[in-house]
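One structure below.
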Amino acid sequence: MADTENTPAVQNASAAGQAAAKKDPTVVLPEDLPQDSAHTTRHTWSHGGTTVDYDATVGTIRIDTPKVKPAASIFYSMFAAVDADGKTDPTRPVTFVFNGGPGSSSTFLMMGSFGPKRIGREDLSSGKGAPYTLLDNNEYCLLPMSDIVFIDAAGAGFSKIADKAKAELWSVDGDVAGFSQFIQRWCTKYGRWNSPKYLFGESYGTTRGSLLTLRMQQDGVALTGATLISNILDYAYSFDVNDQYYVGYMPTYAMISQFHGKSGGGESVKEHAMKARVFAEAYRQALSRGDSLDGASRRNVAVAYSKLTGLPESYVDESNLRIPDSRYRKQVLHDEGKIVGRYDGRVAGYDLDPASDDETFVVDDAWLSPEYEALGNEYLRTELGYETSEDRVAFAPFDWTTTEPGKGWVWTHKTPYHMKADEWGYMPFPNTLGDLATAIVQEPQLKVLIGNGYYDLATPFFQTEYDIQHLALPKALRKNIALTYYESGHMVYTAPKALDKLFHDMTRFYAAKTPDEVAELDEREAMPDLLLGL
């Protein structure tokens, strides 16, 4: 067969295509990606009698895909402790931190959680304009226990992506491969291959983080631990055509309703949460009966649901006992003309169209984003000295309405070998439980901290409990995972009280040397015995 790929005609067509692409300023070719760079400044962090000198480095590292080299230039912000001679410790822990999206910059975690500086804002404060406050010497900085690397996803923040590489990197498995390669190249650049390595991921960052626990092992970079907050580990239950979707959300509805005084009067947060969990198990059984559920049972379910959430019994019944989170957000404070936030149900704002099922705006996101974006830009550009005329991009600009490779996000995930999947091992959406379980089985000392906000309507805590309880780990390895809880929402750290608890939980987590010590962090409470009716 003739070689038709390298003929002069094909080469000329390819050259013509590249020339045409160069005429379009919106197209990024591999050769347009910047060379690797690093800009370092020296700083000192101090709090409570502890002082740490550190180097802050803002820079980029290029990564490849199997088809495109280079494929993307990944931006990172690194904070590394140095000794009196200005040297880093190659055996010191390092934590790689990323937000979710997918396709999100690292702005929220970098500016709100464990860096040397942190946004100072009151809990639940309403949206306002600049100036905003950036606190020096963040008391919750991780530097006393670990160096920190915040990573922007490909196409987000200051990370750039070649158009040709979008089909590969804008996907579940391509994204994980890219992050693993970035971490490897970072380790080579800074001589940190022998450092204990931790991950910290939020939201879709927990999808990425749980997949990375196995992918990094396969790439020769075993982890010491991973902290995953606001988890979404199995997308099968994120669709409202599935009864488990409603079961997973219901306890979060109960918690938000209690916060707003609509239910749970006189009960502690933990008491109300347990009451909601117990009802959710009976609720699961009722929903499983579908249209065969008898009238008396249906009324009983509607009454109990109403008591726990404050929603009218008639509304619960008319909704066929199944209320999507978007409708709950509209209904729980409907009598006040307000909606509650998706990311933090404690937040409430006025509704421009109370009669509609659709929210008029995502109230908590609208209040938080301008502050984080403003101070993130100021910090990186002015104080840390990252010089660029490029805009900082909050989210990679892919099309959420399509999964066409290169335009939208490709949700397909290849499961590990020997998992109970179809014969090809591919899932049309990510289920990370097999990857996480396989990683722990293959690395029995791997420790995992799972953080949950009680008021998070993006990733409900009861669904996360369900997922973790379906890892099917050998009993001896179940102590490797601890679940902790916070009186906050999706971005747990935006509530000062929750950030304080999260930091102290992580301090114990990093210090834990054995699975038994990790298990001491676990805050799950035992459910009542099942009533089997036998």
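The values are calculated or read from the model by the stated rules, or taken from the named source; none is laboratory data. It should be emphasised that the depicted structure is a prediction, and the values quoted were computed from it without experimental measurement. Neighbour counts run over all protein chains shown; Cβ positions are idealised from the backbone, glycine included.
Points to keep in mind about this one:
- Looking only at region 189-247, and only at residues there that are among the β-branched types (Val, Ile, Thr) and part of a helix (DSSP H, G or I), the one that is farthest from Glu281 (Cα to Cα): Thr213
- Taken over region 76-95, the residue count meeting the criterion of being outside any strand (DSSP E or B) and either basic (Lys, Arg) or surrounded by 15 or more Cβ atoms within 10 Å (Cβ to Cβ) (or both) is 5.
- Number of the condition not met by Gln463 [criteria: (1) touching a Ser or Thr at 6+ places or on another chain (Cβ under 7 Å); (2) assigned to a helix (DSSP H, G or I)]: (1)
- All positions within region 384-410 that are free of Cβ contacts under 8 Å to residues at least 24 places away in the same chain and either part of a helix (DSSP H, G or I) or closer than 27 Å to Tyr493 by Cβ (or both): Asp391, Trp400
- Scan of region 382-411 for residues that are buried (at least 16 other Cβ atoms within 10 Å of the Cβ) and of a type outside the set (A, V, I, L, M, F, W, C), ordered by number: Tyr386, Arg392, Thr403, Gly406, Gly408
- Considering only residues in region 351-369 that are in contact (Cβ under 8 Å) with a residue 24 or more places away in the chain and not in a helix (DSSP H, G or I), the one that is nearest to the chain's Cα centre (by Cα) turns out to be Glu359.
- Subset of region 156-182 [outside any helix (DSSP H, G or I) and among the β-branched types (Val, Ile, Thr)]: Ile161
- Any chance Val347 is over 27 Å from Ser203 (Cβ atoms), buried (at least 21 other Cβ atoms within 10 Å of the Cβ) and not aromatic (Phe, Trp, Tyr): no
- Residue within region 169-185 that is surrounded by fewer than 21 Cβ atoms within 10 Å (Cβ to Cβ), of a type in the set (Phe, Trp, Tyr) and within 30 Å of Leu433 (Cα to Cα) present: no
- With respect to being assigned to a loop (DSSP other than H, G, I, E, B), under 21 Å from Asp456 (Cβ atoms), among the hydroxyl-bearing types (Ser, Thr, Tyr) and in contact with a Gly (Cβ under 8 Å, 6 or more places away or on another chain), Tyr372 falls outside the description.
- Test for Lys117: is it touching a residue at least 40 places away in the same chain (Cβ under 8 Å), exposed (fewer than 14 other Cβ atoms within 10 Å of the Cβ) and of a type in the set (Lys, Arg): no
- Residue within region 487-497 that is surrounded by 12 or more Cβ atoms within 10 Å (Cβ to Cβ), of a type outside the set (Asp, Glu), assigned to a strand (DSSP E or B) and touching a residue at least 40 places away in the same chain (Cβ under 8 Å) present: no
- First in region 191-204 and closer than 21 Å to Tyr235 by Cα and of a type in the set (Ser, Thr, Tyr), second anywhere and outside any loop (DSSP other than H, G, I, E, B) and at pLDDT 95 or above, Cβ under 6 Å, 6 or more apart: Ser203/Ser230
- Close pairs from region 238-260: first more than 14 Å from Val301 (Cβ to Cβ) and without any contact (Cβ under 8 Å) to a residue 40 or more places away in the chain, partner assigned to a loop (DSSP other than H, G, I, E, B) and small (Gly, Ala, Ser), Cβ under 6 Å, at least 6 apart: Gln258/Gly264
- Residues in region 248-261 that are in a helix (DSSP H, G or I) and either of a type in the set (Val, Ile, Thr) or touching a strand residue (DSSP E or B) at 6+ places or on another chain (Cβ under 8 Å) (or both): Thr252, Ile256.
- The C-beta contact set for region 23-51 (first residue closer than 24 Å to Met78 by Cβ, second residue small (Gly, Ala, Ser) and assigned to a loop (DSSP other than H, G, I, E, B), distance under 7 angstrom, 6+ apart or interchain) comprises Leu33/Ala162; His39/Gly385; Thr41/Gly385.
- Residue satisfying condition, being touching a Cys at 6+ places or on another chain (Cβ under 6 Å) and at pLDDT 95 or above, within set Pro102, Pro93, Pro144, Pro116: Pro116
- Qualifying position, being in a helix (DSSP H, G or I), under 17 Å from Gly261 (Cβ atoms) and either touching a residue at least 60 places away in the same chain (Cβ under 8 Å) or under 30 Å from the mean Cα position of the chain (by Cα) (or both), among Tyr328, Tyr305: Tyr328
- Region 262-292, subset assigned to a loop (DSSP other than H, G, I, E, B) and without any contact (Cβ under 8 Å) to a residue 12 or more places away in the chain, residue nearest to Ala348 (Cα to Cα): Gly265
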